[in-house]
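Colleague: Right, I'll just put the structure down here and ask away after.
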Amino acid sequence: MSDSASEKPPATSPSLSPSLSSSSFPAAPPVLAEVVRSGFVESRHRGSLVVLGADGAVELALGDVAVPVFPRSSNKPMQAAGVLRAGLDLAGERLAIAAASHSGEAFHRDLVVKMLAENGLAAGDLRCPVDLPLDPVEAEAYLAGGGVRDRIAMNCSGKHAAMLAVCVLRGWPTESYLDPSHPLQREILAVVESAAGEAVGAVGVDGCGAPLMAISLVGLARAFRSFVLADSGSVEGRVAGAMRAYPEYVAGTRRSDTWLMREVPGVLSKMGAEGVQAVALSDGRALAFKVDDGAGRVLGPVLARGLGLMGVEAGVLARVGRAPVVGGGVEVGEIRAVF
């Protein structure tokens, strides 16, 4: 056999086809937080975050803050403002729970029942799904007391009770109040677009069944900024005022939104499912972020870090940002922000 016949072609490294080259993929969002177990980084959570200055200009942008996202329950202040704009006269705890993702504690459930009864309604009129209390401590107590999954216990029941009440007031159909074409939902969409300063990018269905309007993180931060700067007599100012005065009704006794609004003067804070959070300070500075994988476990550390970068020095940030990692029943690490 000749030397040429025995030669083997040189080994080559596999290459991506032109359609699969690395340049064809968008850049990955930055890591916002990591999970550290026993000194080892076990997981990383990517996402996008924006900070607006007091003048409304973008001061910090991590990831893509201009693409539409579903803010989930961070939209609730705007939904509550839409209910007011449609004509319902709510104030105090009733207005706060209309913008709530409440924990399902007894005082939450009692107020929702009262709001329904005041308008000739009952739990069966709600179109949110049945659920257990959102707060795990409250859920255990609720079940131990014989409670079952119920629409009243669902964390959005206050918002739904307010939506039904304005329908009764205006003579609008109550059976279809969650339809995006319903007069109330059209009013809410107009409020979202006005507050965000941009058109809604998509409309979906939220976990509670209500229409869900997609806006960018910049738009979400801009909306919260507009609420804290609004005149106290405007619908936006009324919602912000009620949320800050009655934060336990917006969240619950063991929730970070409550702690922040109780302990940082003038702050407006509202979390959303799938790793969303929006906050505005009294001077108009605002923060909004979205964790790409939807992990709620990193909300506290990312929120505390973001507020720290904005100059907030309140002691409550240590409580908000604390997220221990447990192994064998003892603390062996932490979830920490890394930006």
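Colleague: Heavy-atom accessible area of residue 107 with all protein chains present, probe 1.4 Å, nearest 10 Å²?
Modeller: 60
Colleague: If you don't mind, another one. Carbon and sulfur together cover what percent of the accessible area of the chain at a 1.4 Å probe radius?
Modeller: 53
Colleague: When all protein chains stay in place, what accessible area (Å², nearest 10, 1.4 Å probe) is found for residue 253?
Modeller: Number for this one is 60 Å².
Colleague: What whole number of Å gives the distance from the Cα centroid of region 144-220 to the Cα centroid of region 283-309?
Modeller: Cα centres, region 283-309 to region 144-220: 24 Å.
Colleague: Can you send over the solvent-accessible area of residue 206, 1.4 Å probe, protein chains only, in Å² to the nearest 10?
Modeller: Roll a 1.4 Å probe over it and residue 206 shows about 20 Å².
Colleague: Please give me the summed charge of the neighbours of residue 337: other residues whose Cβ is under 11 Å from its Cβ, Lys and Arg +1, Asp and Glu -1.
Modeller: Neighbourhood net charge equals 0.
Colleague: Could you check which residue among 111, 95, 309 shows the biggest mean-square fluctuation in a GNM of the chain with a 10 Å Cα cutoff?
Modeller: 309
Colleague: Please work through the chain and write down the cysteines that have no neighbouring cysteine Cβ at a distance under 4.7 Å.
Modeller: Within the chain, the cysteines lacking a partner Cβ under 4.7 Å are 167.
Colleague: Among 121, 220, 189, which one shows the biggest mean-square fluctuation in a GNM of the chain, springs joining Cα atoms closer than 10 Å?
Modeller: Maximum fluctuation in the GNM of the chain, among the listed residues, is at 121.
Colleague: Kindly report the accessible area of region 191-281 per residue (heavy atoms of protein chains, probe 1.4 Å, no ligands, DNA or RNA), in Å².
Modeller: Roughly 31 Å² per residue, with all protein chains present.
Colleague: Normalised by the residues of the chain, what does the relative contact order come to in percent, with Cα pairs under 8 Å and at least six apart?
Modeller: 23
Colleague: Excluding residue 292 itself, calculate the net charge of residues whose Cβ lies under 13 Å from the Cβ of residue 292, where each Lys or Arg counts +1 and each Asp or Glu counts -1.
Modeller: 0
Colleague: Another question, if that's okay. Under 5 Å between amide hydrogens, which residues at least 5 positions from residue 325 or on another chain qualify, with H placed 1.01 Å from N in the peptide plane?
Modeller: So residue 325 has HN proximity to 332, 333, 334, 335.
Colleague: Residues with amide H under 5 Å of residue 276's amide H, sequence separation 5 or more or different chain, H placed in the peptide plane at 1.01 Å from N; which?
Modeller: 291
Colleague: Could you order 159, 290 so the one with the most accessible surface comes first? Probe is 1.4 Å.
Modeller: Descending accessible area places them as 290, 159.
Colleague: Give a residue-ordered list of calculated ³J(HN,Hα) values for region 242-256 (Karplus: 6.51 cos²θ - 1.76 cosθ + 1.60, θ = phi - 60°; whole Hz; x for Gly, Pro).
Modeller: These are the phi-based 3J(HN,Hα) values: 5, 5, 6, 7, 10, x, 4, 7, 6, 10, x, 6, 10, 10, 5 Hz.
Colleague: Which whole-number percent is the relative contact order of region 38-79 (Cα, under 8 Å, 6+ apart)?
Modeller: Here the relative contact order equals 28 percent.
Colleague: A further question on this structure: If you take every residue apart from residue 233 with its C-beta less than 14 Å away from the C-beta of residue 233, what net charge results, scoring Lys and Arg +1 and Asp and Glu -1?
Modeller: -1
Colleague: Which ³J(HN,Hα) values, rounded to whole Hz and listed in residue order, are derived for region 150-159 from phi using the Karplus coefficients 6.51, -1.76 and 1.60 in 6.51 cos²θ - 1.76 cosθ + 1.60 with θ = phi - 60°, glycine and proline given as x?
Modeller: 8, 5, 5, 6, 5, 5, 9, 5, x, 4
The values are calculated or read from the model by the stated rules, or taken from the named source; none is laboratory data. In this text, all values refer to a predicted model and were calculated from it rather than measured experimentally. When we count neighbours, we look across all protein chains shown, and the Cβ atoms used for this are built from the backbone with ideal geometry, even at glycine. When the accessible area is computed, the model is the full protein with side chains, heavy atoms only, and any ligands, DNA or RNA have been set aside. Shrake-Rupley method; radii C 1.70, N 1.55, O 1.52, S 1.80 Å.
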